[in-house]
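The values are calculated or read from the model by the stated rules, or taken from the named source; none is laboratory data. Only a predicted model underlies this, so the values are computations on that prediction, with no experimental measurement involved. We place every Cβ from the backbone using ideal geometry, glycine too, and count neighbours over all the protein chains shown. Just so you know, the surface numbers come from the protein's heavy atoms only, side chains and all, with ligands and any DNA or RNA stripped out. Shrake-Rupley method; radii C 1.70, N 1.55, O 1.52, S 1.80 Å.
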Amino acid sequence: MSKTWKVAGINFDHMHMGDLLRMVHEHPNAEIVGLCDEQPTRMHPSAENFSIPEDRVFTDYRACLEQTEPDFVILCPATAEHGEWTEKVAPYGVDVLVEKPFAGSLAEADRMIAAVGKTGKTLAINWPMRWQPSHVTAHRLLNEDLI
């Protein structure tokens, strides 16, 4: 039997949240269990599009995480706040997907890695180009010390 992944979308600063939630909604083994943003109007289109009930729409990320108990969280804050939001969410022991770019600085990226690393969970960055065949090949060639 396949697991159904419980997913929460937190912080709608970046416009890609709707696209990412659509992919979750369309996936047969995933369920949107919560939405959260400090500005409720930014969540309204997604709540409506994906038929998210009011009791799963939050303005406090802590309440969202505690009440919905997601397996992973999609974070779409402004780039300058990626570190802050990753550090807020990581202690809840969830995998974290952050919208690109990774961070505003190397120091912030290091903080994000450390925050999630303490939990043993996965930190992923939504960078679709990662799956392009040319990028996969270049990565392989670098790892094989061929280039």
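Please determine, by comparing only the residues of the stretch 98-107 that are of a type in the set (A, V, I, L, M) and crowded, with 18+ Cβ neighbours inside 10 Å, which one is nearest to Thr86 (Cα to Cα). So the residue we want is Val98. Taking the listed residues Ala109, Ala124, Ala138, the one that is more than 24 Å from Asp13 (Cβ to Cβ), out of contact with any Asp or Glu (no Cβ under 6 Å at 6 or more places or on another chain) and of a type in the set (Gly, Ala, Ser) is Ala138, with no other qualifying.
For the stretch 2-19, state whether one or more residues are modelled with pLDDT of 95 or more, in contact with a helix residue (DSSP H, G or I) (Cβ under 9 Å, 6 or more places away or on another chain), open to solvent by 10 Å² or more (accessible area, probe 1.4 Å) and over 17 Å from Ala124 (Cα atoms). Looking for residues that are modelled with pLDDT of 95 or more, in contact with a helix residue (DSSP H, G or I) (Cβ under 9 Å, 6 or more places away or on another chain), open to solvent by 10 Å² or more (accessible area, probe 1.4 Å) and over 17 Å from Ala124 (Cα atoms), one finds at least one in the stretch 2-19, hence yes.
When each of Ala78, Ala30 is tested for being under 22 Å from Ile113 (Cα atoms), touching a residue at least 24 places away in the same chain (Cβ under 8 Å) and open to solvent by 20 Å² or more (accessible area, probe 1.4 Å), the lone residue that passes is Ala78.
Of the residues screened, Asp110 is one that is open to solvent by 70 Å² or more (accessible area, probe 1.4 Å) and either at pLDDT 95 or above or more than 11 Å from the chain's Cα centre (by Cα) (or both). Of the residues Ala63, Ala114, the single one that is farther than 16 Å from Lys6 by Cα and out of contact with any Leu (no Cβ under 6 Å at 6 or more places or on another chain) is Ala114.
One line per residue, one yes/no per condition, for (1) in contact with a strand residue (DSSP E or B) (Cβ under 7 Å, 6 or more places away or on another chain); (2) in contact (Cβ under 8 Å) with a residue 12 or more places away in the chain:
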position	(1), (2)
Phe72	yes, yes
His82	yes, yes
Val98	yes, yes
Leu106	no, no
Gly117	no, no
Thr122	yes, yes
Trp127	no, yes
Arg130	no, no
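Reported count of residues in the stretch 113-147, each being open to solvent by 60 Å² or more (accessible area, probe 1.4 Å), hydroxyl-bearing (Ser, Thr, Tyr) and modelled with pLDDT of 95 or more, is 1.
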